[in-house]
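Asker: Below is one structure. I have some questions about it.
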Amino acid sequence: MDFIPYKVNEVLENVFYQIPKELFTNPAYNNLDSNSILLYGLLLDRLSVSMKNKWIDKYGNIYLIYSRKEAQKMLKLSDKPVSKAFKKLEEAKLIYEIRSGFKKHNIIYVGKIVHQSVEKTMNRIMSDSRNGENTIHESENVRYSNNKYNKNNYSKKKFPEKSGWNYEQRKYTAEELESLYCNIPKGE
């Protein structure tokens, strides 16, 4: 098979599975492995099939009929990792399964992600290359400062030709932080 790169007009021709980023960043989902996260993306995609088939219970909840064999085929995994992925999703309250009986497929309800509050999202720990103690909040607020009274040795060691450069922290109010992130709804 030859390598064939994308051309400019071909970039948007693919269809993608959507996987919520919060499954990677929210501590509530730290127990999920990559197989579980991919399976959740597949199950979210299957909700559209359920809508077309009108698989809706008497309470208005959408459900799926998705076998372990289908998941194995799609994820290219054997029975044990797929079963483990389903179990992890159920433990994380991201799916709920109802047994339909012997030799029948289970009915699966896909649960919504419990989102983190804005404060927790802003303050989650992210390793910093210098000391490993910075948070995202702190690292995003660093800005260049050419203040002659506020010099540090770090900038001189790393960038000797720019020895007058220094970095200082910006201070934001909660309202200003909310306006910096376009994908966070107001008031959460």
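The values are calculated or read from the model by the stated rules, or taken from the named source; none is laboratory data. Because the structure is a prediction, the values reported are computed rather than measured. Here the Cβ positions follow ideal geometry from the backbone for every residue, glycine too, while neighbour counts run over all protein chains shown.
Asker: Could you say which residue among LEU12, LEU42, LEU47, LEU64 is of a type outside the set (S, T, N, Q), more than 14 Å from LYS88 (Cα to Cα) and outside the structural domain of LYS93 (by TED's automatic domain parsing)?
Answerer: Going through LEU12, LEU42, LEU47, LEU64 in turn, the sole match is LEU12.
Asker: Would you mind stating whether LEU43 is surrounded by 11 or more Cβ atoms within 10 Å (Cβ to Cβ) and over 13 Å from the mean Cα position of the chain (by Cα)?
Answerer: yes
Asker: Something else: Residue by residue through the range 85-95, note down the ones that are surrounded by 15 or more Cβ atoms within 10 Å (Cβ to Cβ) and either without any contact (Cβ under 8 Å) to a residue 40 or more places away in the chain or not aliphatic (A, V, I, L, M) (or both).
Answerer: PHE86, LYS88, GLU90 - these are the residues of the range 85-95 that are surrounded by 15 or more Cβ atoms within 10 Å (Cβ to Cβ) and either without any contact (Cβ under 8 Å) to a residue 40 or more places away in the chain or not aliphatic (A, V, I, L, M) (or both).
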